[in-house]
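The values are calculated or read from the model by the stated rules, or taken from the named source; none is laboratory data. On a predicted model such as this, the values are computed, not experimentally measured, just so you know. Because the Cβ atoms are built from the backbone with ideal geometry, glycine has one as well, and the counts that use them run over all protein chains shown. These accessible areas exclude ligands, DNA and RNA; they are computed on the full protein's heavy atoms, side chains included. Shrake-Rupley method; radii C 1.70, N 1.55, O 1.52, S 1.80 Å.
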Amino acid sequence: MFSAGRPADEAPDPVAAWSRQFAQVIAEILAGARSPRQLAPWTTERVRDRISLLTQTLTPGQRPRIRRIVTSRPAARVVEMTVVLSFGPRSRALALRLEQLPGRQPAPGLPARPARWLCTEIEVG
């Protein structure tokens, strides 16, 4: 089966798949189904604080549902996405910026670390 907008011989973008999974986890955290601590390896402290605030202000007892995700790649190691969530009859948009951190070779006193994505910004509209 082919995805609209992608040639048949082009492989799915693993970054887009990861970002969509990340958006799903954010929605589950806002719904109270997951702990915000689960995002610690993939978020800055500022983003974690913002998510904690959002869980208190966005979801007064309503489970958010992802309605749409739009991603863009403004730079080689950057993904920006807009996630449209519905909370019952209301909708809100989250803007997220994900930046790829390079991997690190092992060094004395430091273990190796693979390249990873880090959410550096989150805003709600």
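Just the C-alpha atoms of the chain: what Rg/Rh do they give, with Rh taken as the Kirkwood radius?
Result for the chain is an Rg/Rh of 1.02.
Can you tell me how much longer the chain between S35 and T120 gets when fully stretched, taken as 0.36 nm per residue apart minus their C-alpha distance, in nm with one decimal?
28.7 nm
Can you pull the percent of the chain's accessible area that's carbon plus sulfur, 1.4 Å probe, other chains left in place?
About 53 percent, which is the carbon plus sulfur part of the accessible surface.
Counting only protein chains, not ligands or nucleic acids, how are I66, I122 ordered by accessible area (probe 1.4 Å), most first?
So the residues, ranked largest to smallest area, are I66, I122.
Note down the nm distance, to one decimal, between modelled labels 7 Å out along Cα→Cβ at A16 and at Q100.
So the label points at A16 and Q100 sit 1.5 nm apart.
Most mobile of Q56, Q105, Q38 per a Gaussian network model of the chain (Cα springs, under 10 Å)?
Evaluated over the chain, the most mobile residue of the options is Q105.
Quick one: go through the range 106-125 and flag any residue whose amide nitrogen is under 14 Å from the point 7 Å out along the Cα-to-Cβ line of A93.
Under cut-off, by backbone N: 123-125.
For the chain, what proportion of DSSP beta bridges, expressed in % and rounded to the nearest 5, is antiparallel?
Working: 29 of 30 bridges.
Looking only at bridges with both residues in the chain, the antiparallel portion is about 95 percent.
Tell me, what is the FRET efficiency for T44 and R68 to the nearest 0.05, using R0 = 22 angstrom and their Cβ-Cβ distance as r? Please report the intermediate quantities before stating the final value.
Working: r = 25 Å, r/R0 = 1.14.
In this case the efficiency is close to 0.30.
Hey, what did the chain get for relative contact order, percent, Cα under 8 Å, at least 6 apart?
20 percent
On a 1.4 Å probe surface of the protein chains, which of E80, E28 comes out largest in accessible area, and what is the full order?
E80, E28
Taking the chain as a Gaussian network, Cα atoms linked when under 10 Å apart, which of L98, L53, L39 shows the biggest mean-square fluctuation?
Taking springs between Cα atoms under 10 Å, the residue moving most is L53.
For D49, D13, give me the order by solvent-accessible area with a 1.4 Å probe, most accessible first, ignoring ligands, DNA and RNA.
The most accessible residue leads, giving D49, D13.
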